[in-house]
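Worksheet for the structure shown next.
The values are calculated or read from the model by the stated rules, or taken from the named source; none is laboratory data. This is a predicted model, so every value here is computed, not measured. Neighbour counts are summed over all protein chains in view; Cβ atoms, including those assigned to glycine, are modelled from backbone coordinates with ideal geometry. Just the protein is used for accessible areas: all its heavy atoms, side chains included, with ligands, DNA and RNA removed. Shrake-Rupley method; radii C 1.70, N 1.55, O 1.52, S 1.80 Å.
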Amino acid sequence: MRIDEILTADGPCFSIEFFPPKTPEGVQQLFATVEAIKPLEPDFVSVTYGAAGSTREGTIEIAERIKREHGLETMAHLSCVGETREGLAAILDRYAASGVENVLALRGDPPRGQPDFLAPEGGLSSAAELTGFIAERWDFTIGGACFPEVHPEASSLEADLAYLKTKVEAGARFLITQLFFDNGVYFDFVASARERGIDVPIIPGVIPIASYPQVARICALCDAEVPPELDAAMRELGGDEEAEALLGVAYAARQCEELLAAGAPGIHFYALNRAPGTRAVLAALRASRPWERAPKPAPTPAPTRA
């Protein structure tokens, strides 16, 4: 099913992001996670595309396998890094042939050791350009990434939103945010996007912390800020990973509850190929149903008769 159609249904859209492992043991763990999460009926799952396209084949194979063998709707990531137009076209043709209907279009990070992104010869230079390339020739539902705390390469929020609007104009039908921990950042970002005419659904991305040092490293790479109170609470646990995971689940559950009660269209979980935290948070949300407390749109007044 197409994600833009899922997002028009009643209730929130829940999705889970995986990454292609580099070892057979990692692949086994990933599919164990898929099976563990499947009973909670996520609306779709996504499979990332490694830095510099390093896990391209893994992305394609895992996306196809999740769709074919596990029956879960799948969104495959695709980036411009290291790909010609012909190479991108071949990947998109393969996705279409395998029944994948949803693609997340990304520019991608430059290869390690290369400070700036350079478009490959015969390739594309931006996510907006890739979005337009896909929309012109294939019938996928296309998603885009967005950054509530501003993309690290953007000069300002204004510039970041102006560029984001070009993605939507090129054909992105929904957006998924980079991970964040302060819901106020998301609410302010959505309000600013709406003021600039960006009207597609913006799905918040949330990570249930399992290992704080691991998540701290991820945040440093993507310029996501951990609130001082959360950072202090994690550090007080003294490296106890079991306690970190329990706190991570509690924090993520509260964060998601507030987002959904305020009308967010769903939650995209960054699961890091692990089941317990995401399972716990999603199960709690299914039980408490905070979206039923979301503000309802004002009714349209009935026309008056003369």
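Ignoring ligands and nucleic acids, what accessible area does residue 133 show with a 1.4 Å probe (Å², nearest 10)?
For residue 133, the solvent-accessible surface is approximately 20 Å².
Where a Cα-Cα gap under 30 Å defines reach, which lysines qualify for residue 165, not counting those fewer than 8 residues away within the same chain?
296
Output ³J(HN,Hα) for the stretch 157-164: one whole-Hz value per residue in order, computed from phi by the Karplus curve 6.51 cos²θ - 1.76 cosθ + 1.60 with θ = phi - 60°, and x for Gly and Pro.
4, 4, 5, 5, 5, 4, 5, 4
Over the heavy atoms of residue 163, what accessible area does a 1.4 Å probe trace out, to the nearest 10 Å²?
80
Dipole size in debye (nearest 20) for the chain around its Cα centre, Lys and Arg Cβ +1, Asp and Glu Cβ -1?
The calculation lands at about 700 debye.
Rounded to the nearest 10 Å², what accessible area does residue 182 have for a 1.4 Å probe in the complete protein model?
The accessible area comes out at roughly 80 Å².
Sorted by accessible area with a 1.4 angstrom probe, largest first, how do 279, 107 fall?
On the way: 279 110, 107 45 Å².
Most to least solvent-accessible, the answer reads 279, 107.
Indicate the gyration tensor shape class of the stretch 136-185 (rounded, prolate or oblate), computed on the Cα atoms with a ≥ b ≥ c the square roots of the eigenvalues: a/c under 1.5 is rounded; otherwise a/b larger than b/c is prolate and the rest oblate. Can you show the working numbers first?
Values: a/c = 3.03, a/b = 1.64, b/c = 1.84.
It comes out oblate by the Cα gyration axes.
Let a ≥ b ≥ c be the square roots of the eigenvalues of the Cα gyration tensor of the stretch 1-52; is it rounded (a/c under 1.5), or, if not, prolate (a/b larger than b/c) or oblate?
Values: a/c = 4.09, a/b = 1.71, b/c = 2.40.
Oblate is the answer for the stretch 1-52, as a/c is 1.5 or above yet b/c matches or exceeds a/b.
Considering only protein heavy atoms, with the full assembly of protein chains and a 1.4 angstrom probe, order 22, 167, 67, 38 by accessible area, largest first. All intermediate terms of the calculation are to be shown ahead of the outcome.
Details: 22 180, 167 15, 67 50, 38 75 Å².
Ranked list, largest accessible area first: 22, 38, 67, 167.
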